[in-house]
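What follows is a single structure, written as structure tokens, with notes after it.
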Protein chains: 6
Amino acid sequence: MFLHRKELIRPVNVGEPDARFGQYLLEQFGGATGELTAALQYWVQSFHVEDETIRDMLQDIAIEEFSHLEMVGKLIAQHTAKVDQEDVYAAPLFAMKGVGPHFIDSCGSAWTATYINEGGNVVRDLRANIAAEAGARQTYEALIKRTTDQGTIEALTHLLTREITHARMFMKTLDAMGKLTDPFFGNIEPDETVNVVYNLSQGQDARGPWNEKPFEYVANPKAEGEFPPAPVNPDDEKAKIVGKRAKAA
Amino acid sequence: MFLHRKELIRPVNVGEPDARFGQYLLEQFGGATGELTAALQYWVQSFHVEDETIRDMLQDIAIEEFSHLEMVGKLIAQHTAKVDQEDVYAAPLFAMKGVGPHFIDSCGSAWTATYINEGGNVVRDLRANIAAEAGARQTYEALIKRTTDQGTIEALTHLLTREITHARMFMKTLDAMGKLTDPFFGNIEPDETVNVVYNLSQGQDARGPWNEKPFEYVANPKAEGEFPPAPVNPDDEKAKIVGKRAKAA
Amino acid sequence: MFLHRKELIRPVNVGEPDARFGQYLLEQFGGATGELTAALQYWVQSFHVEDETIRDMLQDIAIEEFSHLEMVGKLIAQHTAKVDQEDVYAAPLFAMKGVGPHFIDSCGSAWTATYINEGGNVVRDLRANIAAEAGARQTYEALIKRTTDQGTIEALTHLLTREITHARMFMKTLDAMGKLTDPFFGNIEPDETVNVVYNLSQGQDARGPWNEKPFEYVANPKAEGEFPPAPVNPDDEKAKIVGKRAKAA
Amino acid sequence: MFLHRKELIRPVNVGEPDARFGQYLLEQFGGATGELTAALQYWVQSFHVEDETIRDMLQDIAIEEFSHLEMVGKLIAQHTAKVDQEDVYAAPLFAMKGVGPHFIDSCGSAWTATYINEGGNVVRDLRANIAAEAGARQTYEALIKRTTDQGTIEALTHLLTREITHARMFMKTLDAMGKLTDPFFGNIEPDETVNVVYNLSQGQDARGPWNEKPFEYVANPKAEGEFPPAPVNPDDEKAKIVGKRAKAA
Amino acid sequence: MFLHRKELIRPVNVGEPDARFGQYLLEQFGGATGELTAALQYWVQSFHVEDETIRDMLQDIAIEEFSHLEMVGKLIAQHTAKVDQEDVYAAPLFAMKGVGPHFIDSCGSAWTATYINEGGNVVRDLRANIAAEAGARQTYEALIKRTTDQGTIEALTHLLTREITHARMFMKTLDAMGKLTDPFFGNIEPDETVNVVYNLSQGQDARGPWNEKPFEYVANPKAEGEFPPAPVNPDDEKAKIVGKRAKAA
Amino acid sequence: MFLHRKELIRPVNVGEPDARFGQYLLEQFGGATGELTAALQYWVQSFHVEDETIRDMLQDIAIEEFSHLEMVGKLIAQHTAKVDQEDVYAAPLFAMKGVGPHFIDSCGSAWTATYINEGGNVVRDLRANIAAEAGARQTYEALIKRTTDQGTIEALTHLLTREITHARMFMKTLDAMGKLTDPFFGNIEPDETVNVVYNLSQGQDARGPWNEKPFEYVANPKAEGEFPPAPVNPDDEKAKIVGKRAKAA
């Protein structure tokens, strides 16, 4: 059951409204890396994660992200509070769709649940969450660098901070499960190629921890499978053969 | 520059075609966790990642994922090779759109680049890649459990294996950068709340590595910010006030 | 600020899990008429509606809708609790994407913020909300008719009931503003055609309250404007004129 | 059967082409509140509404909306008639996609049928239509306020006027059915909570017609349902329990 | 200006309603190759094509496609006329969304204007139209093969026929412009590679009219350009270099 | 099996970076007419086209398009190489999402597989490909006209050239099959209306090769079908009849 207080989890005080910056902020309200994505991703995971203690963590963080979404919405509302005839060409998005936040990103693309990454396994979910936090943190940094308004910077810095906290919480959980530094999970045994690395993009090749021992590096990989023909389409007419097979290349 | 050999990187030999299973396989051809997502995500990252050695790794893996996408496509082509009038109701998707693979998922939703997670920072990118590998591995496990065709199982097990390999490669890279187990990255200092955990979903609360020391646990978080009013919309008429503020709750 | 109790606003007790029905229920979790649409629509409106008393109503209802979304999610989780190898073909969606709710509709299409209708004016918002409630109620009725599980029926009937309550609340608000039965709102004067009705679809024509007095019915409408030519496209070559104008029809 | 006259239902005469304004106008050609949404929504409803007289009304208005879509298209064509090298940065959308209208909104997002609200019940359809008209009217007002071109203002004012007319027609129809001011419709009996209002967003609470008598106001709502556990996912490994349940909060 | 007759351009008489087939028919109502795509594509082209005689053709065909969309809608309405409790699992889509047509495809994906191909040049538009007709014809053939209802077959055969007619009309137009068999159009001179064909997919190579003289066939293409480094991202931290460049491959 | 060389198929050398032009270039990286659409469309066709020689052609061209996608990506990377605080308002898209290419178009809309046109028949596929090439060529021309950077113009001119080459290859193939100038294909006999042209948009009518002999021109088409009633919706209440049928118009 959800409850709400008509207060903010942390203060939001915009000094100098800037509708163009308000448009950028949409990236964290209705954009891919925004708070809605995080809130809904963690919360929907809580419906299928079996461990009730991890479920509790997911719900705690999800509710905080809803509260952060509210902070971002208030930031946008304040930055667009003076939108009027004069600066319509600076942020026409709000002129057409109304002031305040909308569930679109800074380019006007509607939020979509395809941004969410979840399902079927708690290790997969937690790794997805660390990725989500990294994306959110990155966008907050980009936003902070594009404003000089002190109140805005303070609010955004808090939001960036909390993404780091959440990332650490997810890391601690994976670590306790032994899955932070171990790529394996699930019930299927991998095959014999699990340590092989293929050099498929060739030219200025490089070596590093990702293709040195214990990995087995294959400098010139070869195809191992034949090339199955296309299926016969029952609806297709028999195409008139117009070419001929060349001699082997 | 891309090149192609009309051979497969690993064999694909379907014993018993099953159009319904072919439809499930679309999840890894044109679905969120599929090979197209992985191939394009790693490859597009290679355009902006500054470290040329990590770029090389991203390109090597991206090209392998394109080769895996080809394997999945061939699996679908073989599983739909006998689609005809009789089993049209078993996999009507292929009856309407033609046999063979399409860039849609198992529910018929078109692939969208919103599945991709990348941009602006190599740590963010690598974390996104570990998440992508986990999602792909999970879907391959679900697929393997729903078929008894041995050739299909072998091909899918190889594809699952390689997701583990790639995850390990990304982990090794992050580890060499000191960013596998450390949540911090980027250029912004977090604020003083970085170790605080809020118990915002209350009831059957739990404790664990994610909210025990060194975290500071706040059992009953309080709002710290006021609630800014809505912006005045210049296009709105002045709504007739129809309610009255209640006494403070 | 959001808070959460790990209890449900109303009980959810599924007697006989049915994964296929679980798939239908997705329509109200991640579908167009579902609880996410309602919750986010009313809540985002609260950021720009000037009247603080109406804002309070929008927030009260939005929070209830989040709590309803949780109920629908729990219903889906219970209906998919027995998904396994045997009934995979009955609800393959959960086999591929994992058990429990996802932000997709019953056909597997991802939820999109384009379902939301809001912006710029409180009358427009409230009318959109009455429409949203009507769509939600209709889908709940369709769901209730397709199940015989008593616990499911009780939960869905409560959810249907609340949509009626919310519709009444929105109606009362519009009525207090004089805008429930009066089509006018906003600051622009309509032109002289405001009472004219055009019979543009001709054949088995009908008359009713919508085209009788005080409306002025035009049985055979005529075009009143000329047909402007196409703009000259600077990027286009001059197309070779290949036809000739016929004599006037 | 559709027919077309190469004339406009009402005149369109742009005095001073303005490509930027042409871009805004896309909101009513290929945007959520635009004429395509209205035309297709009313028309598709006419296929399932049983009452043939209401069907006739839906078709009459749908055909008018198609004619309005044509007017908006002609406005855009005229406003982009001078797009060339000089002002390419003012409306680059047309530079890339060609002059004239496209089925995208003012941000370049493609029109989608998810904007449409219809199905299964005539009361639901008519309420959706009143909402659609309100959205369209609101966008026309926003557009009218951002131009000084007299011909454009006249055309847009006519289009705004007709949305009011249509809203009145839909209201008259609902009123004749007794469903304009009565929230109930359909065949399911609501439960005993139908008059209850929950104060779920707490703080600066307000009272008004929406939560005063005859509504029963619950100032401090309590959860009434237990919290069902997550379903067991047959594909998931048993996650290592890493936390412990805390004492009851 | 649009007009409508409440009659069909050609008869639609379904003998034996089949809700599952009704779902397939959605492919031509709200699907990629459907009549809405054709109608809107040709019609929107008519706003920017300069030659008024070609514009007339585009409008004539667009209006016919709207009339065909109406026929497909009526087919779907008749095929779903008996949807009830019994066959709900056969076509659950209609159970959830209501009987009759909707602007979704046979998998439930909403129609999107991204299906439309148009803009900037009449030759490009006409080529896009020939492609659209081919896709529509192909889907009609697939539908005809999956039904035995004679009335349905007759209606679908007419619709298929008209796609051939329209394709011929577009071909005749391109031919009169000299652009049916000549790939060139527009104002930019191609470079010296215009007759070169690269054998980039190697293995079982083939020769045919597409890579024989007058084409110049390059059996083993070489890269001609260097590989520019990635741009320096001002928001990125300097990634710790973790790999080393390998010796030239 | 895919392989990659860390070299470009043709040189890319941007002289003067221009982030705004970089944003336009996205149209050919992640836009409808871009290289990703072409590469994936031709390649996915190769899975179902039966004729192995045509399959080879599709694969050769698909691989070239991937190499072109790489060129466009490098162009965007170079044009955004200097994105910083100063010109953030010139191309804010890169400020928010990071420098370099992304799979979005110039308006920020994510690439979607709905751009792809393929399936079920080789003639349909090849016609779709000629259309795709025409769209790509058109966008390259628009881009070339909006830049003065010589290196950019050379790269774009090469890319435009290759679209012409590919169009010619597809035309040669269709011509060898007798399907370049003949609209017929497939296995269904058209009905007797195959040569009829309907004048459905009336007014300033025109005649040309598309409606002159051998076509049969119907100047005033009449409806030939009755208008079936709406289906009875089992979920709908019986709407109170509120209108009456008018006398026949």
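Observations, loosely collected:
- Selection status of C:Glu141, closer than 26 Å to A:Gln59 by Cβ, assigned to a helix (DSSP H, G or I) and not basic (Lys, Arg): no
- Some residue of the stretch E:108-117 being among the hydroxyl-bearing types (Ser, Thr, Tyr), at pLDDT below 95 and either part of a helix (DSSP H, G or I) or surrounded by fewer than 23 Cβ atoms within 10 Å (Cβ to Cβ) (or both): no
- Unmet criterion (only one of (1) aliphatic (A, V, I, L, M); (2) within 19 Å of the chain's Cα centre (by Cα); (3) part of a loop (DSSP other than H, G, I, E, B)) for F:Val99: (2)
- Check on C:Leu93, facing another protein chain (nearest Cβ under 7 Å) and outside any loop (DSSP other than H, G, I, E, B): yes
- Selection count, the stretch F:200-217, where residues are over 18 Å from E:Arg168 (Cα atoms), small (Gly, Ala, Ser), part of a strand (DSSP E or B) and facing chain C (nearest Cβ under 7 Å): 0
- Among the candidates F:Leu126, F:Leu156, the residue that is part of a helix (DSSP H, G or I), among the hydrophobic types (A, V, I, L, M, F, W, C) and over 22 Å from B:His102 (Cα atoms) is uniquely F:Leu156.
- Scope the stretch E:1-19; condition part of a loop (DSSP other than H, G, I, E, B), in contact with a Ser or Thr (Cβ under 8 Å, 6 or more places away or on another chain) and among the aliphatic types (A, V, I, L, M); matching residues: E:Met1, E:Ile9, E:Val14
- Selection count where residues are touching a strand residue (DSSP E or B) at 6+ places or on another chain (Cβ under 7 Å) and in contact (Cβ under 8 Å) with a residue 40 or more places away in the chain, scope the stretch F:110-154: 3
- Annotation: F:Glu35 fulfils all but one of (1) of a type outside the set (Val, Ile, Thr); (2) surrounded by fewer than 24 Cβ atoms within 10 Å (Cβ to Cβ); (3) within 17 Å of B:Phe47 (Cβ to Cβ); the unmet one is (2).
- Single condition F:Ser201 does not satisfy, out of (1) surrounded by 24 or more Cβ atoms within 10 Å (Cβ to Cβ); (2) free of Cβ contacts under 8 Å to residues at least 60 places away in the same chain; (3) within 15 Å of E:Trp210 (Cβ to Cβ): (3)
- Residues of the stretch E:180-194 satisfying the condition of being free of Cβ contacts under 8 Å to residues at least 60 places away in the same chain and at the interface with chain F (Cβ under 7 Å from one of its Cβ atoms): E:Leu180, E:Thr181, E:Pro183, E:Phe184, E:Asn187, E:Ile188, E:Pro190, E:Asp191, E:Thr193, E:Val194
- Once the stretch E:42-51 is narrowed to residues that are closer than 17 Å to E:Leu174 by Cα and more than 7 Å from chain C (Cβ to nearest Cβ), the residue that is nearest to the chain's Cα centre (by Cα) is E:Tyr42.
- Subset of the stretch B:154-193 that is among the charged types (D, E, K, R) and closer than 30 Å to B:Asp18 by Cα - its residue that is surrounded by the most Cβ atoms within 10 Å (Cβ to Cβ): B:Arg162
- Condition met for C:Ala81 (in a helix (DSSP H, G or I), away from chain E (no Cβ under 14 Å) and closer than 30 Å to B:Asp105 by Cβ): no
- Scanning the stretch F:1-28 for residues that are touching a Leu at 6+ places or on another chain (Cβ under 9 Å) and closer than 23 Å to E:Gln202 by Cα gives F:Met1, F:Phe2, F:Leu3, F:His4, F:Arg5, F:Ile9, F:Arg10.
- Selection of the stretch A:127-140 for residues being in contact with an Asp or Glu (Cβ under 6 Å, 6 or more places away or on another chain) and within 12 Å of chain F (Cβ to nearest Cβ) yields only A:Thr139.
- Of all residues in the stretch F:220-249, those that are within 30 Å of C:Phe227 (Cα to Cα) and either modelled with pLDDT under 85 or within 7 Å of another protein chain (Cβ to nearest Cβ) (or both) total 3.
Conditions (1) under 19 Å from the mean Cα position of the chain (by Cα); (2) more than 14 Å from chain B (Cβ to nearest Cβ); (3) among the hydrophobic types (A, V, I, L, M, F, W, C), marked per residue:
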| residue | (1), (2), (3) |
| --- | --- |
| E:Gly108 | yes, no, no |
| E:Thr114 | yes, no, no |
| E:Val122 | yes, yes, yes |
| E:Asp125 | yes, yes, no |
| E:Glu163 | yes, yes, no |
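- Of the criteria (1) surrounded by fewer than 23 Cβ atoms within 10 Å (Cβ to Cβ); (2) more than 14 Å from chain D (Cβ to nearest Cβ); (3) within 20 Å of A:Ile164 (Cα to Cα), which one B:Gly151 fails: (3)
- Residue in the stretch B:170-177 that is on the phi < 0 side of the Ramachandran plot and more than 10 Å from chain E (Cβ to nearest Cβ) present: yes
- Odd one out for B:His68 among (1) assigned to a helix (DSSP H, G or I); (2) facing another protein chain (nearest Cβ under 8 Å): (2)
- Residue check for C:Gly22: small (Gly, Ala, Ser), within 14 Å of chain E (Cβ to nearest Cβ), buried (at least 24 other Cβ atoms within 10 Å of the Cβ) and assigned to a helix (DSSP H, G or I): yes
The values are calculated or read from the model by the stated rules, or taken from the named source; none is laboratory data. Just so you know, these numbers come straight off a predicted model, no measurement behind them. Because the Cβ atoms are built from the backbone with ideal geometry, glycine has one as well, and the counts that use them run over all protein chains shown.
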